[in-house]
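Heads up, the thing below is written out as structure tokens.
The values are calculated or read from the model by the stated rules, or taken from the named source; none is laboratory data. The shown structure was predicted, so the numbers you read here are calculated from the model rather than taken from an experiment. Methodologically, a virtual Cβ is constructed for each residue, glycine included, from the backbone with ideal geometry; neighbour enumeration extends over all protein chains shown.
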Ligand SMILES: [Zn+2]
Ligand SMILES: [Zn+2]
Ligand SMILES: [Zn+2]
């Protein structure tokens, strides 16, 4: 069979843009202050600190964030027994695969220490709705995550952890800066009634937790006393895979197929693929129909499908029977690389590529 290449991968994502007619230009996102993507942000702010932002009602602080619904509505195969003089059987194995590349979006409140950076507040405009924010698309059919601040949702607040002071009392020395001398246990003298030389008889020494200051920098605001709050949009791209093997008669464990390279004989890619109906092996047609139905049911609501790709691979398998010490054994050679699978190999060796 000839390789078929159908629609190209360059089509636009399968959104209905008419429902969200005004995507926000990328510059709106770029205008937001620089926040390193990997930075571990401080813990969640209390609910009373959070502003009301239209379109983001119900967005919570911390945790995994809440999902934002999109703005819209096998190798049973053909075994051909061909007894050959050397008791060798050629089997045909076919592998069907459907990949559905999906995108999901969720939002949550975040906060960072405020140190005078630009605050993209509601004074600069209305916050765009989650699905109107343009986020650069990563390569198709690969899992990926991107986190961006939602434009115009930032504000500054006094830090709730330190009452805007930027520092908190040291708990080890109860803000005195001094703790009991560890040598004389706070008595000021040692066993023989000699004055303790470590603390000069005071019974106290400097607190090493706060270096004697009695306070420590607040971890929430990193000492600034102020926080910047904003809504963060998390975009997750996932490649969902359905695989079906057509050849259970070969006796080859299904788990091995992922290690075998086959030859691609059919590829179709577009925003939505249609079930294959006219492939000579009806199991492939059924696998295609099942896969497309399953993915549509599982993914449609929260994770719109951006692009789908379905492929059929031809996997050559040869089963060879042989005798050794008057006992019968068999092995398989599989795939385009002729890898060997030998479940009952009588003498272990390390000279061949065994799966
Ligand atoms: Zn202290
Ligand atoms: Zn002492
Ligand atoms: Zn603080």
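Please state which one of 154, 121, 100, 146 is modelled with pLDDT of 95 or more, under 30 Å from residue 215 (Cα atoms) and either within 30 Å of the chain's Cα centre (by Cα) or within 16 Å of ligand 2 (Cβ to nearest atom) (or both).
Only one candidate passes the filter, namely 154.
Just to be sure, is residue 159 within 16 Å of ligand 1 (Cβ to nearest atom), modelled with pLDDT of 95 or more and surrounded by 14 or more Cβ atoms within 10 Å (Cβ to Cβ)?
Spelling it out, it is not the case that residue 159 is within 16 Å of ligand 1 (Cβ to nearest atom), modelled with pLDDT of 95 or more and surrounded by 14 or more Cβ atoms within 10 Å (Cβ to Cβ).
Among the residues of segment 228-250, is any within 36 Å of the chain's Cα centre (by Cα) and within 16 Å of ligand 3 (Cβ to nearest atom)?
yes
Considering only residues that are touching a helix residue (DSSP H, G or I) at 6+ places or on another chain (Cβ under 9 Å) and outside any strand (DSSP E or B), look in segment 142-179 and name the one that is nearest to ligand 3 (Cβ to nearest atom).
Top of the filtered list is 160.
Please work out which residue is farthest from residue 113 (Cα to Cα), limiting yourself to segment 216-229 and to residues that are more than 8 Å from ligand 1 (Cβ to nearest atom) and assigned to a strand (DSSP E or B).
217
Residues that are crowded, with 19+ Cβ neighbours inside 10 Å and modelled with pLDDT under 80: list the strands (runs of 3 or more DSSP E) wholly contained in segment 237-338 that include at least 1 such residues. Break it down into steps so the answer makes sense when it comes.
Numbers: elements: 263-270, 305-324, 327-334.
Hits in segment 237-338: none.
Give segment 187-211 a look and list any residue that's at positive phi and more than 16 Å from ligand 2 (Cβ to nearest atom), or say none.
Selection gives 211 alone.
Can you name the condition, by its number, that residue 178 falls short on among (1) more than 30 Å from residue 113 (Cβ to Cβ); (2) at pLDDT 95 or above; (3) more than 8 Å from ligand 2 (Cβ to nearest atom)?
Exception for residue 178: condition (1).
What's the number of the only condition in (1) more than 16 Å from ligand 3 (Cβ to nearest atom); (2) within 30 Å of residue 125 (Cβ to Cβ); (3) touching a strand residue (DSSP E or B) at 6+ places or on another chain (Cβ under 8 Å) that residue 221 fails to meet?
With respect to (1) more than 16 Å from ligand 3 (Cβ to nearest atom); (2) within 30 Å of residue 125 (Cβ to Cβ); (3) touching a strand residue (DSSP E or B) at 6+ places or on another chain (Cβ under 8 Å), residue 221 is out only on (1).
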